[in-house]
Amino acid sequence: VVPSPRASERALTTAARRPPLAMGAGLGTHSCVCSDCHSEPAQTIIVAEVLGEIPSKESRISEVSVSSDCLVSTCALEDNLSRFSDMGSDAVVDMALEEVSGLMEMDEYRVVEAEKVLAEAIATLEARCNAFAEDADIRTEVVKSCLERLTSSSLFQTVQHRVAELDAATNILYKHGMSVLLEDEVSKFEVFVSPDGSWFDYRMTIDIDAPLSQALATGREVDLLPKAQPLVSRAEIIGEHSNFNLKWLMRLATPVIKTELILETIRHRDQKFGYVLEVTRSEFSEEGISVPEKARGAIRPWVYTTSLWVPRGNGQHGCMIVQATRVDLTRSLPMWLINLVLTKLSATFIADLRSSALKALGSDSPWAQRIQKDEHGFYEAMRRIEKAAQHRQGVCSKNLPDRSIFQRSWRLRPPPLDTRPPSSR
C-alpha cells in the first residue's frame, strides 16, 4: 500500500525532528545511521496513514534496506502484526516487558532475542507517535507515555547495556589495522597499539582439535581453573550465576605482585550459524553481589577480553577460537618495545590457550566427568550449537566467519560503550 502524500510528508517531517531508538523492519519511520559504519540507509520506511490508536491492518511495508556494507534487513510487516498491531499501546509495553523478563532470566539470558522484542515494540510505538504528530491530541500523549515507560524500565536499560557490550565485542574481534606477529597453518597472533602507546590489543586465532563442548569446559568449570592453568592459585564464582552470566574471582600466583581479578563473563550463543561469544570484563556493576575484600598488597588490574568460539562445521572435527584482549599499560611505551615483547610471548600465549582448551579430552579428567554429568545443561546446549553448525560452510583459522554472523534484523541503538582502559579516557 502506498502511503497517502499527507501521511508521507508527516512521517518524514517527524523523522527529521526525532532520531529513532530502534532500527529494523516493520512499522515506523527510520531515517537511521548504521552503528557499524555510520552510513545512511538506502531507503526510508514510510508509515501508512492510520486512524485511531492502532494502525490499520491494511498497512503493509515489505522491507527495509540499508547500505550494502552494513545490515540488510528484509522482513514482511505481516510477521509483526500478530505480535503488537492489534494491541493498545499500554498492552504493547506490558507484553514486551513480560517477554523480555523471561528472556533475561539468569538461566536464559538471551540478549539478542530480548533486543528484537524491544526494538519491535519501540518501532510500533514510534510509528503511532509519528502518525499522530500533526494532530498532537491526547492519543499522541498516551503513546509517548507508553514509549517512555518502556525505555525507562530497568529491563530496557539492562538489555541496551548488554547490546552495547555485544557491539563493542564484535568491533574488537573484527578490528582492522592489526599487525601480524606470528602465523602458521593453524594459528595467528596479531597486535594493535594505541596511537599514544598507553594500551594495546592482541588477537589470537587458533584451530582446536576438540569439539565445542569440550573446548569450553575449562572456562565453564571455574573452580577447576587452578588444575588447567598453573598460574591460577584460586578461582571461585561470586553470587548468583548461570551458564551464560557469571561473576567470578581469580587469584594469580605471581612471584612478585599479588594479582586478583574480579570478572564478569557473559556468553552469547547462536544456533543459526552456530557460535558462542564470551565477553569477560573487570569493569561491571557490582550491585547485588558481595565482592571479596582485596588481599593485602594485591592489585586488581583492568581486564577486557572477548572470545568467539565457533565449531568447524560441515562435518569437520573440532572448533576454532578468535580471542581479542585489550591491555592497559597505564603509561606510554614505544610500539617497537611492545611488538618485541609480544613477538617473544606470542607462541607461548597460543600454546597455553590451545592446551587449556584440550584439557577435557582425557576420559579420566575432572572436566570429562563434569561434561558427562552436565548438571546445569551447559554441554547439551553446546552440542546443539555444534549440530546447527554442521549444515553450513566450514570455518577455520584460515577461513574465518565474517562479521555478518552478528547482523540482526531488529536492532537497538545504544550509546557506544567506551572500551578504552580507564587510564586512557
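Mind running the shape call on segment 337-425? Use the C-alpha gyration tensor, a ≥ b ≥ c as the square roots of the eigenvalues: rounded below 1.5 for a/c, prolate if a/b tops b/c, oblate otherwise.
oblate
Distance between Cα centroids, segment 155-220 to segment 380-425: provide it in whole Å.
10
Leaving ligands, DNA and RNA out of it, rank ARG110, ARG296 by accessible area with a 1.4 Å probe, largest first.
Sorted descending by solvent-accessible area, the residues read ARG296, ARG110.
For a Förster distance of 60 Å, can you work out the FRET efficiency between the beta-carbons of ASN399 and THR254, rounded to the nearest 0.05?
Between ASN399 and THR254 the formula returns 0.95.
Could you tally the net charge around SER423, taking each other residue with its Cβ under 10 Å from the Cβ of SER423, Lys/Arg +1 and Asp/Glu -1?
Details: positive: ARG331, ARG420, ARG425; negative: ASP328.
For residues surrounding SER423, the net value is +2.
Counting only protein chains, not ligands or nucleic acids, how are ASP201, ASP374 ordered by accessible area (probe 1.4 Å), most first?
ASP374, ASP201
Excluding residues on the same chain fewer than 8 positions from LYS272, give the lysines whose Cα lies under 23 Å from its Cα.
Excluding near neighbours in sequence, the set is LYS116, LYS387, LYS398.
Between ASP223 and ARG425, with labels modelled 7 Å along Cα→Cβ, what's the label distance in nm to one decimal, could you check?
Using points 7 Å along Cα→Cβ, the separation is 3.5 nm.
Let me know the charge dipole size of segment 271-370 about its Cα centre in debye, to the nearest 20, where only the beta-carbon of Lys, Arg (+1) and Asp, Glu (-1) is charged. The partial results should precede the final answer.
Working: 12 positive and 8 negative charges, 51 e Å.
For this selection, approximately 240 debye.
Please compute the length gained on full extension between GLN390 and THR330, using 0.36 nm multiplied by the number of residues separating them and subtracting their Cα-Cα distance.
That works out to 17.2 nm of additional length.
Ranked from the most accessible area to the least, with a 1.4 Å probe and all protein chains present, what is the order of HIS376, HIS161, HIS391?
HIS391, HIS376, HIS161
If you place +1 on the Cβ of every Lys and Arg and -1 on the Cβ of every Asp and Glu, how big does the dipole about the Cα centre of segment 200-328 come out, in debye to the nearest 20?
In total the dipole reaches around 200 debye.
Of SER307, LEU342, MET320, which is farthest along the charge dipole of segment 307-378 in the positive direction, counting Lys and Arg as +1 and Asp and Glu as -1 at C-beta?
LEU342
The values are calculated or read from the model by the stated rules, or taken from the named source; none is laboratory data. Everything numeric here is computed off the predicted structure, so don't read it as measured data. Cβ coordinates were reconstructed from backbone atoms using ideal geometry, including for glycine residues, and neighbour counts include every protein chain displayed. In case anyone asks, the SASA skips ligands and DNA or RNA and just uses the protein heavy atoms, side chains included. Shrake-Rupley method; radii C 1.70, N 1.55, O 1.52, S 1.80 Å.
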